[in-house]
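Remarks on the structure that follows.
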Amino acid sequence: MIYLDYQATTPLAPEARDAMIRWLDGPGGTGFGNPHSAHRMGREAKAAIEVAREQVAALFPPGGRIIFTSGATEALNLAIRGSGLGGTVAYSAIEHSAVGDTAQAMGRSHVLAVDSEGICSAQQDLPADTRLVCVMQVNNEIGTIQPTLDWHRKAKENNALFLCDAVQAYGKIPVTAADMIAISAHKFYGPKGVGALWVRDGVELAEVQTGGGQEFGLRSGTLSPALIAGMGAAAKLANEALDRDSDHVETLWNRARELFADWTLNGSADARWHGNLNIRRDGLDVARLMSDCRTVMFSAGSACASGSGRPSHVLKAIGLSDAQAKSSIRLGFGRYTTLQEIEEAARLINAAAEAQGL
């Protein structure tokens, strides 16, 4: 199997797995304690969580705190729902559905346009009652890097808060400045089922999930020491390997661009995380392509929207027709992808496309 779906999820780093093992101990072990218990096992589990909190925080701007969640979807919901009622939530047309659907559910929402390159310019007006602006740092479908610093300034000028979905950026490029930032561990070689919301000092949130009041009284529920320890280890490794990973991805990107030179790139080639290659061939039957290339794991779009039958809202937002959007594929690669895998995947995909007469 050749895995090229790194935007959907990344392989678990061995270092993250090793960090998790102790906190999965069964009978006879000492790592399964509840981190909210006052006895020794509970205190040890809590200490592991606090170490991980520091490891995760190290990749964020200074002056904020980490609230652990079950993932980025919960983190984004906490940010959008917990930051206030009333007023408009403005969000880019290419946001993940966790932002778009939640913004719409809050009542008043406003969609910010993107250009044909997939960039959401801050040179557009916000509704007068905007209370929250949501613009992701790196898009999950086409990899475009957004001008988040411009949007942060724009939000401040309009007395609004700025929320950034940094799921695809964290651990790959320096994380932007914002009032709130959401991440998910399994996008940077950590385990699934855990994420975090970074909240700038001075930003007040209301509790959304009531219960025991864990996580600063804002997010109730027993924390998982194993998942959080794995997330912390993955964050520590990402911090240490940032430049090395980036250089490796750049090598893969350059070779992939050569191998898929006959395909059309969706989104900007430059303002982009180069671990994301979203390309199309007009008339391509993607379902048939995926069936013919069963040993290559790639995507026709966001894993969260897989099976919906609808064309990608991201590709539609940059001006593609339904047919063009449905003729696009996404190849994602990263730390554990080899050059040989890229070359073999390209051979298989190009041969299958040519078999369709394209």
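Of all residues in the stretch 134-160, those satisfying the criterion of being part of a strand (DSSP E or B) and in contact with a Lys or Arg (Cβ under 7 Å, 6 or more places away or on another chain) are Thr144, Ile145.
Checked against (1) touching a Ser or Thr at 6+ places or on another chain (Cβ under 7 Å); (2) within 26 Å of Leu12 (Cα to Cα); (3) open to solvent by 60 Å² or more (accessible area, probe 1.4 Å); (4) not aromatic (Phe, Trp, Tyr), Arg272 meets all criteria but (3).
With the structure loaded, tell me whether Ile173 is part of a loop (DSSP other than H, G, I, E, B) and among the aliphatic types (A, V, I, L, M) or whether it fails that test. When the stated conditions are applied, Ile173 passes them. Looking only at residues of the stretch 107-125 that are surrounded by fewer than 19 Cβ atoms within 10 Å (Cβ to Cβ) and hydrophobic (A, V, I, L, M, F, W, C), we find that the one that is nearest to Ala72 (Cα to Cα) is Val111. Going by the structure shown, is Pro62 open to solvent by 20 Å² or more (accessible area, probe 1.4 Å), within 19 Å of the chain's Cα centre (by Cα) and not charged (D, E, K, R)? Taking the combined requirement at face value, the residue does not satisfy it.
With respect to Lys154, is the statement that it is surrounded by 21 or more Cβ atoms within 10 Å (Cβ to Cβ), without any contact (Cβ under 8 Å) to a residue 40 or more places away in the chain and charged (D, E, K, R) true? Taking the combined requirement at face value, the residue satisfies it. The residues of the stretch 51-75 that are in contact with a helix residue (DSSP H, G or I) (Cβ under 7 Å, 6 or more places away or on another chain) and part of a loop (DSSP other than H, G, I, E, B), listed by number, are Ala58, Leu59.
Being basic (Lys, Arg) and in contact with a Leu (Cβ under 7 Å, 6 or more places away or on another chain) holds for only one residue in Arg244, Arg288, Arg255, and it is Arg255.
The values are calculated or read from the model by the stated rules, or taken from the named source; none is laboratory data. As the structure is a computational prediction, the values presented were derived from the model and not from experiment. All Cβ positions, glycine included, derive from the backbone under ideal geometry; neighbour counts span all protein chains shown. Quick note on the areas: whole protein, heavy atoms, side chains included, nothing else; ligands and nucleic acids left out. Shrake-Rupley method; radii C 1.70, N 1.55, O 1.52, S 1.80 Å.
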